[in-house]
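The values are calculated or read from the model by the stated rules, or taken from the named source; none is laboratory data. Model, not experiment: these values are computed from the prediction. Note that each Cβ is placed from the backbone with ideal geometry, even for glycine, and that neighbours are counted across all protein chains shown. To get the accessible areas, we keep the full protein, side chains included, count just its heavy atoms, and leave off ligands, DNA and RNA. Shrake-Rupley method; radii C 1.70, N 1.55, O 1.52, S 1.80 Å.
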Amino acid sequence: MDMISPSIAALTPSLTLKVTNRAKAMKASGEEVYGLAGGEPEMDTPENIKQAAIAALNNGATKYTPSAGLPALRQAIAEKLKRENNLEYDFTQITVGAGAKHACFNAIMATVSEGDEVIIPAPYWVSYPEMVRMCGGIPVIVETTAENGWKLTAEQFEEAMTPRTKMVILTTPNNPTGSVYSEEELRALGEVALSEDILILADEIYEHLVYGDARHVSIASLSPELYDLTITINGFSKGYAMTGWRLGYSAAPAAIAKAIQMIQDHTTSNVCTFAQYGGIEALTGDQSFISDMRDEYDMRRQYVYSRLSAIPNISVVEPQGAFYFFVDTSRLGLTSLNLCDKLLERYKVAAVPGIAFGNDKAIRISYCTTLDILKEALDRFEEFCKAH
């Protein structure tokens with residue numbers, strides 16, 4: 001008898017976690033490793049947020065809350081969405097989950113049926129296709145190009161649609177490419193979705209990390225009709241350096257929100273209670289951390305872009321958001337997995353193979369680390385590229 005269900009046995013491991021865990025193991029054994037694979041801010045969570053959670057714990061916030069989260073936190077999220085994203089939600093439409101990843105999965109589980117197709121632009125975040133498969137859906141991967149800034153066009157969206165299309169996943173700013181969709185681009189994509197009532201899963205977890213002239217726009221804010229089709233995903237991990245707190249949320253039309261909350265009722269129940277008080281403080285307290293972090297990452301982004309642009313045998317699109325570069329390594333003649341293995345073993349630099357994101361001719365580099373580590377890692381990466 002097979003002990004594991006076929007749908008779960010077919011899942012592929014997360015290469016991003018595999019690379020970061022391997023790099024950590026090498027470090028633990030005493031090797032010097034220059035990590036460019038990370039997907040989290042290296043800064044600590046702001047002190048006011050930590051103190052709010054500590055105070056809540058000391059005050060006995062150790063019991064269950066409603067499965068969807070503390071009403072006070074959900075109200076703070078609703079007010080944030082109105083203030084920053086021009087989105088009107090009642091707090092009952094907000095569901096707090098164990099990170100944006102959990103929120104994405106619950107949203108897909110609530111809406112995607114067996115055989116439904118979900119359009120996913122590539123490069124994509126590693127977990128989207130696997131989430132769709134776990135929910136019985138069929139991932140439909142649409143290749144984007146560097147020439148178009150790694151963004152899905154309305155024409156590509158329309159060509160990929162079939163009578164079975166249920167949802168499209170849009171991530172802006174994007175992981176792994178750092179691309180940011182403009183309002184004009186989102187309106188064009190929205191028109192296609194509206195033509196056949198295609199749901200939009202809008203993952204906006206990197207919204208606070210946009211640079212230069214780029215501006216984050218929530219697609220649900222563009223019209224009442226798009227609002228009714230969109231599930232907005234966000235959280236605290238990236239903007240407030242709270243990755244380990246596991247606080248994310250969805251904002252959805254009432255019927256979908258109710259289904260998401262029912263899933264949570266029967267699976268995880270509520271997120272850690274005292275952590276939710278940290279989330280309230282994050283949204284209602286001092287916001288200067290966000291701009292300080294964004295300015296720091298923008299400086300590193302510009303440095304890394306200047307370095308990568310001068311390295312032979314690779315090419316790169318300047319990212320407008322998040323904290324990644326998606327580097328085209330096709331001229332090196334290696335698969336992305338082989339390249340990253342050699343880079344880690346011989347040069348002690350950890351990067352993520354592009355195959356994890358649906359593109360085997362690229363690698364993802366993160367600048368969530370110090371300038372000293374970036375400089376040494378890029379020196380070594382340049383040496384690697386020159387040798388190949």
Revision key, fill the gap. Note on the range 357-388: residues open to solvent by less than 40 Å² (accessible area, probe 1.4 Å), more than 11 Å from residue 326 (Cβ to Cβ) and hydrophobic (A, V, I, L, M, F, W, C) are 368, 374, 377, 378, 381, 384, 385
Exercise for review: Run residue 228 past the list (1) open to solvent by 40 Å² or more (accessible area, probe 1.4 Å); (2) part of a loop (DSSP other than H, G, I, E, B) and report the number of the one that doesn't hold.
Suggested key: (2)
Practice item. Select from the range 100-118 the residues that are crowded, with 22+ Cβ neighbours inside 10 Å and under 18 Å from the mean Cα position of the chain (by Cα) and list them in ascending order. Key: 100, 102, 103, 104, 105, 106, 107, 108, 118
Revision key, fill the gap. How many residues of the range 1-11 are in contact (Cβ under 8 Å) with a residue 12 or more places away in the chain and either among the charged types (D, E, K, R) or part of a helix (DSSP H, G or I) (or both)? The answer is 2
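Restricted to the range 12-41, and to residues that are open to solvent by 80 Å² or more (accessible area, probe 1.4 Å) and not in a helix (DSSP H, G or I), which residue is nearest to residue 286 (Cα to Cα)?
40
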Practice item. State which residue pairs qualify: first residue closer than 15 Å to residue 109 by Cβ and inside the range 247-275, second residue open to solvent by less than 60 Å² (accessible area, probe 1.4 Å) and modelled with pLDDT under 95 in any location, beta carbons under 9 Å apart, and separation of 6 or more residues or different chains. Key: none
Point to revise | Residue among 191, 207 that is in contact with a His (Cβ under 8 Å, 6 or more places away or on another chain), under 30 Å from residue 158 (Cα atoms) and either without any contact (Cβ under 8 Å) to a residue 24 or more places away in the chain or not polar (S, T, N, Q) (or both) | key: 207
Revision key, fill the gap. The correct count of residues that are open to solvent by less than 10 Å² (accessible area, probe 1.4 Å) and either outside the structural domain of residue 164 (by the TED database) or free of Cβ contacts under 8 Å to residues at least 24 places away in the same chain (or both) in the range 84-99 is 0
Practice item. Tally the residues that are within 21 Å of the chain's Cα centre (by Cα), loosely packed, with under 15 Cβ neighbours inside 10 Å and not hydrophobic (A, V, I, L, M, F, W, C), restricting the search to the range 43-83. Key: 1
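Taking helices (runs of 4 or more DSSP H) that do not extend beyond the range 261-363, which have at least 1 residues that are in contact with a Lys or Arg (Cβ under 8 Å, 6 or more places away or on another chain) and within 30 Å of residue 67 (Cα to Cα)?
273-284
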Check your understanding: Condition test on residue 180, is it buried (at least 17 other Cβ atoms within 10 Å of the Cβ), over 19 Å from residue 107 (Cβ atoms) and in contact with a Ser or Thr (Cβ under 6 Å, 6 or more places away or on another chain)?
Key -> yes
Practice item. For residue 114, state whether it is among the acidic types (Asp, Glu), closer than 26 Å to residue 259 by Cβ and part of a helix (DSSP H, G or I). Key: no
Check your understanding: Here are some residues: 275, 310. Which one is at pLDDT 95 or above and surrounded by fewer than 17 Cβ atoms within 10 Å (Cβ to Cβ)?
Key -> 310
